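These notes concern the structure reproduced below.
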Amino acid sequence: MKKQKTIWFISLLFILAMTACDPGRIYDQSHAIGEAGWNRDSVCHYEVPISDSLQLSDFYISIRNNTDYPYSNLYLFVTTEFPNGHSTTDTIECILADKNGRWLGNGSGRIKDNLIMLKQSLRFPLTGNYHFYLEQGMRDARLTGIEDIGIRIEKSN
């Protein structure tokens with residue numbers, strides 16, 4: 001009985017620690033691209049439930065690239081489908097390296113993590129499920145060097 005209480009207490013502490021690390025996160029999901037590369041026809045889909053249309057949110061694109069990525073930027077086509085069925089598509093340029101070729105983002109070694117703000121203090125106009133679709137917009141039919149691509153939405157300060 002005492003062993004079960006100890007396990008339960010440790011589990012509870014672990015859960016509290018995991019949720020306390022990122023209290024502002026509303027949504028954070030990434031898709032692994034794979035070694036073969038990101039095919040131009042491959043679309044990454046994210047379904048985000050929004051229950052508060054008054055909450056201000058910051059919207060980010062998360063990109064993990066390796067140092068073999070051949071470009072200093074990444075163009076993305078970002079399609080947003082609203083709960084009412086309407087949709088919009090934007091073309092976004094994400095800068096991954098400076099003019100001298102030095103990689104931006106965090107990380108040491110071959111992998112760099114970039115969190116690029118797309119919109120600050122965004123208010124979702126409707127409650128319900130939003131669908132976001134990310135496509136690579138580079139000229140390569142198969143883009144190598146991108147490890148993961150995702151979106152992050154967090155409460156705005």
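Screening Thr67 on (1) in contact with a Leu (Cβ under 8 Å, 6 or more places away or on another chain); (2) under 24 Å from Arg40 (Cβ atoms) shows it passes everything except condition (1).
So, Leu56, is that one surrounded by 13 or more Cβ atoms within 10 Å (Cβ to Cβ) and over 19 Å from Asn114 (Cβ atoms) or not? The answer is yes for Leu56.
Matching residues to (1) modelled with pLDDT of 95 or more; (2) surrounded by fewer than 15 Cβ atoms within 10 Å (Cβ to Cβ); (3) of a type in the set (Gly, Ala, Ser); (4) touching a Gly at 6+ places or on another chain (Cβ under 6 Å):
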| site | (1), (2), (3), (4) |
| --- | --- |
| Leu74 | yes, no, no, no |
| Glu81 | yes, no, no, no |
| Gly85 | yes, yes, yes, no |
| Thr88 | yes, yes, no, no |
| Lys112 | yes, no, no, yes |
| Met117 | yes, yes, no, no |
| Thr127 | yes, yes, no, no |
| Tyr133 | yes, no, no, no |
| Met138 | yes, no, no, no |
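Remark: pairs (first residue in segment 138-157, more than 16 Å from Cys44 (Cα to Cα); second residue not in a strand (DSSP E or B); Cβ separation under 7 Å; 6+ apart in sequence or on different chains) = Gly145/Asp68; Gly145/Tyr69; Gly145/Pro70; Glu154/Gly24; Lys155/Gly24; Lys155/Gln55.
Can you find a residue that is of a type in the set (Val, Ile, Thr), within 24 Å of Ile26 (Cα to Cα), part of a strand (DSSP E or B) and out of contact with any helix residue (DSSP H, G or I) (no Cβ under 9 Å at 6 or more places or on another chain) anywhere in segment 95-115? Taking every residue of segment 95-115 in turn, none turns out to be of a type in the set (Val, Ile, Thr), within 24 Å of Ile26 (Cα to Cα), part of a strand (DSSP E or B) and out of contact with any helix residue (DSSP H, G or I) (no Cβ under 9 Å at 6 or more places or on another chain).
The values are calculated or read from the model by the stated rules, or taken from the named source; none is laboratory data. If you're wondering where the values come from, they're calculated on a predicted model, not measured in any experiment. Counting neighbours? That spans all protein chains shown, and the Cβs are built from the backbone with ideal geometry, glycine included.
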